[in-house]
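Just so it is clear, none of the values below were taken in a lab; they were calculated from the coordinates. These numbers were taken from a predicted model, which means no experiment stands behind them. Every residue, glycine as well, gets a Cβ built from its backbone with ideal geometry; the counts of neighbours run over all protein chains shown.
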Amino acid sequence: MPQLAIRPVVSAPLAGCCTILSIFGVVILVAFGAFYSRHVEALAGSIHDAKDPDAVARVCFYAAIVYAAFVAFCGCQMMVHQRYPRGVQL
């Protein structure tokens, strides 16, 4: 079975930055989703806040899934960059 020739799509520094920012995004969005789903007074108690905190929580969780996909993609890009020695024309 021939080995797949996987090439990087983004540069190594960009993949690292994307991975780190996406991890923070997942953590923050999951935290906000948990707070909204529990109707925390500071987030869902004012008259100017969202009318349906459960819908806001669902959107936060869906956005966290998107960020998790970026973590997976950029993490794979970092691993692909480790396969190639520095300075090799890709």
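Quick notes
- Of Cys60, Ala15, Gly25, farthest towards positive along the dipole that unit charges on Lys, Arg, Asp, Glu beta carbons give the stretch 12-83: Ala15
- Here is the tail figure for the stretch 12-83: Cα pairs spaced more than 15 Å apart come to 57 percent of all pairs.
- Shown is the FRET efficiency for Leu14 and Ile65, computed with R0 = 30 Å from the Cβ-Cβ distance and rounded to the nearest 0.05: 0.85.
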